[in-house]
Amino acid sequence: MPLAPAITDAEQLKGHPAVACLLAWNAAAVTGVKFDREEMTIWVDRANIREACAILRDDPECLFNFLADVTCVDWYPAEPRFEVVYHLLSIPKKERVRLKVQLDSASPAVESLTSIWPGANYFEREVFDLFGIRFNGHPYMRRILMPEDWEGHPLRKDYPVEGYR
Amino acid sequence: MTNNLTYVLAVEKLLGLEIPPKAQWMRVLMNELTRINSHLVWLGTHAMDIGALTVFLYCFREREEVLKMFEMVSGQRMMTSYFRVGGIALEPPLGFFERVREFAGRFPEKVDEYENLLTGNPIFLMRTKGVAKLTAEDAIALGATGPTLRGSGVDIDLRRDMPYSGYENFKFKVPVAQEGDVFARYMCRVLELRESIEIVKQALDGMPEGPIKADAPGIVLPDREKMKTQMEALIYHFKIITEGFAVPAGEVYQAVESPRGEMGYYIVSDGTAKPYRVHMRAACFANLQTLAKMCEGGLIADVVAAIGSIDIVLGEIDR
């Protein structure tokens with residue numbers, strides 16, 4: 001089964017409910033789309049991620065009511081350096097979609113999703129702990145895996161292999 | 001073996017690799033045995049937490065059998081690694097299928113035994129019924145998956161709803177309970193034990209013949225025999241062992257229904273032999289968030305029952 005090339009043209013992907021829904025809501029908030037290996041990825045502007053998630057959750061065509069995962073990829077030394085990755089699942093429609101927010105290294109902060117899904121809590125704390133991304137509006141933004149007094153964020157690509165001490 | 005499966009499925013999705021049916025069937029078989037193993041450990045320890053000590057010994061008796069089967073195929077009882085990108089490592093050894101069949105034949109009676117000890121036991125019922133309730137809305141909002149979610153009446157099972165590794169060829173029921181209490185989650189898992197053994201039987205009966213590895217030189221290790229007679233096979237073997245194999249750039253999220261819920265691997269490849277980013281979505285990590293909600297307004301003593309009912313595995317939480 002050879003891999004089909006990725007589709008990145010928003011026009012071609014309009015049929016997908018999540019893309020259609022977000023474009024209808026605010027086309028400027030969608031900064032990119034990709035359909036690759038049967039998976040849909042949508043890049044959303046940093047300022048709009050919380051609202052975009054709320055809309056995807058409540059839109060009757062989408063119903064992405066379950067936040068499966070939040071994680072981050074560090075593209076150091078490229079800019080924008082961080083990509084926060086959200087995986088949403090629609091339990092009624094059995095569909096998945098991936099949302100991404102790009103953050104530069106100067107201000108790695110994004111709005112928290114805890115007001116939409118309280119379950120984002122641990123995932124965002126993990127991303128904060130390992131990548132140093134701040135989630136604004138998070139109720140308890142503290143380390144979750146590493147000790148409280150740990151220096152640095154271990155999964156950043158410029159973190160020394162032996163740590164800082 | 002579920003973590004093993006999720007990772008190889010994710011890499012295969014990145015590669016666009018097709019897996020021969022026998023390997024898929026073996027994966028399903030081993031995966032369901034893993035579910036039985038996991039649920040037996042859960043049942044034993046959960047019952048012990050609540051004060052029913054005997055069940056633990058019964059469960060570990062059967063679990064030992066399952067671990068012996070793991071050892072037969074993979075050489076290890078725990079932390080097994082039997083699946084490979086492109087298939088499975090080895091043909092299952094002689095006598096393996098007979099052993100599984102024999103186990104599958106008598107396992108349902110064993111589940112009856114556990115149920116005799118617990119399901120009608122008044123002390124167990126008092127400790128579990130109506131305790132640590134979780135509504136469907138809360139379970140979804142808090143990211144719960146697996147039996148923790150199904151115990152609250154949400155009917156989703158990735159094996160049935162988003163099938164992978166040939167699960168669409170198997171017939172099984174997805175137990176769902178509406179009450180959302182400790183007992184509901186208990187019933188879901190016990191019924192899953194029975195369903196799993198049915199899937200194991202179906203996998204044994206329908207086990208296809210044929211190769212166990214995909215035809216993908218450069219990715220799948222060549223057979224030992226070929227290496228001794230064919231130059232090409234020897235070169236591929238050397239290259240895979242020393243350099244690995246390059247995976248086309250891209251990203252995938254592959255989720256499977258692990259015994260505890262949705263286990264997902266998010267892998268980003270930059271086109272080299274080493275993944276750029278691997279992230280595990282662990283079911284327990286998210287399920288643990290429900291604990292606070294469950295225990296609200298309850299008794300301290302019931303925290304023990306609640307924590308057991310989400311099948312907590314700490315190794316999965318801190319990964």
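Of note:
- Among B:LYS173, B:LYS228, B:LYS129: highest mean-square fluctuation, GNM of chain B, C-alpha pairs under 10 Å: B:LYS228
- Restricting segment B:224-309 to GluC sites (Glu not before Pro) that sit in a DSSP loop and have at most 14 other Cβ atoms within 10 Å of their own Cβ leaves B:GLU296.
- Gyration tensor (alpha-carbon) shape descriptor, the protein assembly as shown, a/c threshold 1.5: oblate
- For segment B:22-68 versus segment A:127-165, the inter-centroid distance based on Cα atoms is 36 Å.
- Helical runs (DSSP H, four residues minimum) scored at -39500 (n - 2.57) apiece and divided by the length of chain A put the mean residue ellipticity at 222 nm at -6000 deg cm²/dmol.
- Where only DSSP H runs of four or more residues are counted, chain B gives -17500 deg cm²/dmol as its mean residue ellipticity at 222 nm, each run worth -39500 (n - 2.57).
- The calculated FRET efficiency for the pair A:LYS93 and A:LEU3, based on their C-beta separation and a Förster distance of 30 Å, comes to about 0.75.
- Taking 30 Å as the limit for the C-alpha separation, the pairs A:LYS94/B:LYS22; A:LYS93/B:LYS110; B:LYS68/B:LYS239; A:LYS94/B:LYS171; B:LYS13/B:LYS110; B:LYS13/B:LYS173 exceed it in the case of A:LYS93/B:LYS110; B:LYS68/B:LYS239; B:LYS13/B:LYS110.
- Each residue, B:GLU64 and B:GLU168, gets one label point 7 Å from its Cα in the Cβ direction; the gap between the two is 4.2 nm.
- The fewest-to-most ranking of B:MET26, B:MET187 by surrounding Cβ atoms within 10 Å reads B:MET187, B:MET26.
Just so you know, all these numbers are worked out from the coordinates, no wet-lab data involved. These numbers were taken from a predicted model, which means no experiment stands behind them. Reconstructed Cβ throughout: ideal geometry from the backbone, glycine too, with neighbour counts over all protein chains shown.
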